[in-house]
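The values are calculated or read from the model by the stated rules, or taken from the named source; none is laboratory data. As the structure is a prediction and not an experimental result, all values here were calculated from the model. Glycine also receives a Cβ, built like all others from the backbone with ideal geometry; neighbour counts cover every protein chain displayed.
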Amino acid sequence: MLENVNLKRKLSREEYGEALPRLQSRLYDLEKDCWDHKVPSVILFEGWDAAGKGSAVSALTQRLDPRGFKLHSVNLPRTFEQSRPWLWRFWLRAPNRGEMVIFDQSWYLRVMRERVEGRVPETAWRAAFSDILDFERMLADDGTVMVKLFLHISRKEQKRRFEAMEADPLEAWRITKEDWARHKKYDLYLAAAEEMLERTESEYAPWTIVEATSRRWATKRIFETIIEALEKRLGEKASPRRVSDDEARKDADLRNAMASLEPAEAEAEGEA
């Protein structure tokens, strides 16, 4: 599955600058529509270390109404959480009516990092697949829009990004020994990801594999995927697209002018 993904997809800065204002404006309108019509949604980000999940979340939330969404950055369970059913902490973060909840990593840690690093026995992570399907089915049956995004980069690209961040005094703190240790296990994580995607794909909670070598391409694809899912759920309740070409062009011109002031990079697409 993942080996067949075209990781060479790119988007120029100009195309990105023109597309982003329309996408952000449309998502803002849909966020309000979901709030008005009590439609909850879950936007879930998974993928490789340094694949750009943080950058994507930042672009996604930049122009949303902060009253309409919550963001959860998920890590391995803490001690007191380990004494409860493993999905307990995620039930507590389920969206309220009309609310959008964004997960930067999620319950899939159980069948990815916890599995590969041997933090849970095999019986536990195997049982987690059916637990996840039941959990997502209950959320979907309750009216929640489920958008699951897996940001995919190659082993070579991950190494390049790690080295670039380590070489930057302002970014070096982000790369740890644990990151490099997981990088060495890329093939093990790849096998786990393949099984995860296959066994947790469903009609009510489908996966979207995002080609993330190009940050701009990935961001545009993420916006389009979320917008499509919300429009499908809202149907006739979705507000019409309201941004005129003139408004979008002014916004795009401003973004391009700001981007031209940034230091030139060999290929800025490789940002984490």
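Per-structure values
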read-out: Failed item in (1) in contact with a strand residue (DSSP E or B) (Cβ under 6 Å, 6 or more places away or on another chain); (2) surrounded by 15 or more Cβ atoms within 10 Å (Cβ to Cβ), with E201 passing the rest; value: (2)
read-out: Residue that is at pLDDT 95 or above, within 12 Å of L30 (Cα to Cα) and crowded, with 16+ Cβ neighbours inside 10 Å, where the choices are A238, A218; value: A238
read-out: Residue check for E224: surrounded by 13 or more Cβ atoms within 10 Å (Cβ to Cβ), modelled with pLDDT under 95 and under 17 Å from the mean Cα position of the chain (by Cα); value: no
read-out: Some residue of region 149-171 being in contact (Cβ under 8 Å) with a residue 60 or more places away in the chain, of a type in the set (S, T, Y) and closer than 30 Å to P66 by Cα; value: no
read-out: Boolean, S58 is hydroxyl-bearing (S, T, Y), out of contact with any strand residue (DSSP E or B) (no Cβ under 7 Å at 6 or more places or on another chain) and without any contact (Cβ under 8 Å) to a residue 24 or more places away in the chain; value: yes
read-out: Selection status of L170, modelled with pLDDT under 95 and of a type outside the set (K, R); value: yes
read-out: Matching entry among K70, K53, K32 (being in contact with an Asp or Glu (Cβ under 8 Å, 6 or more places away or on another chain), surrounded by 19 or more Cβ atoms within 10 Å (Cβ to Cβ) and modelled with pLDDT of 95 or more); value: K53
read-out: Selection within region 231-242 - among the hydrophobic types (A, V, I, L, M, F, W, C) and under 13 Å from L23 (Cα atoms); value: none
read-out: From E269, E247, residue being surrounded by 19 or more Cβ atoms within 10 Å (Cβ to Cβ), out of contact with any strand residue (DSSP E or B) (no Cβ under 7 Å at 6 or more places or on another chain), modelled with pLDDT under 95 and farther than 29 Å from W107 by Cβ; value: E269
read-out: Residues of region 56-67 satisfying the condition of being surrounded by fewer than 17 Cβ atoms within 10 Å (Cβ to Cβ) and farther than 17 Å from L149 by Cα; value: Q62, R63, D65, P66, R67
read-out: Test: residue in region 88-109 that is among the small types (G, A, S), in a loop (DSSP other than H, G, I, E, B), at pLDDT 95 or above and closer than 20 Å to A193 by Cβ; value: yes
read-out: Every pair of residues 6+ apart whose Cβ atoms lie under 8 Å, when the first sits in region 110-124 and is among the basic types (K, R) while the second is not in a helix (DSSP H, G or I); value: R110/W86; R110/V120; R113/L76; R113/R119; R119/L76
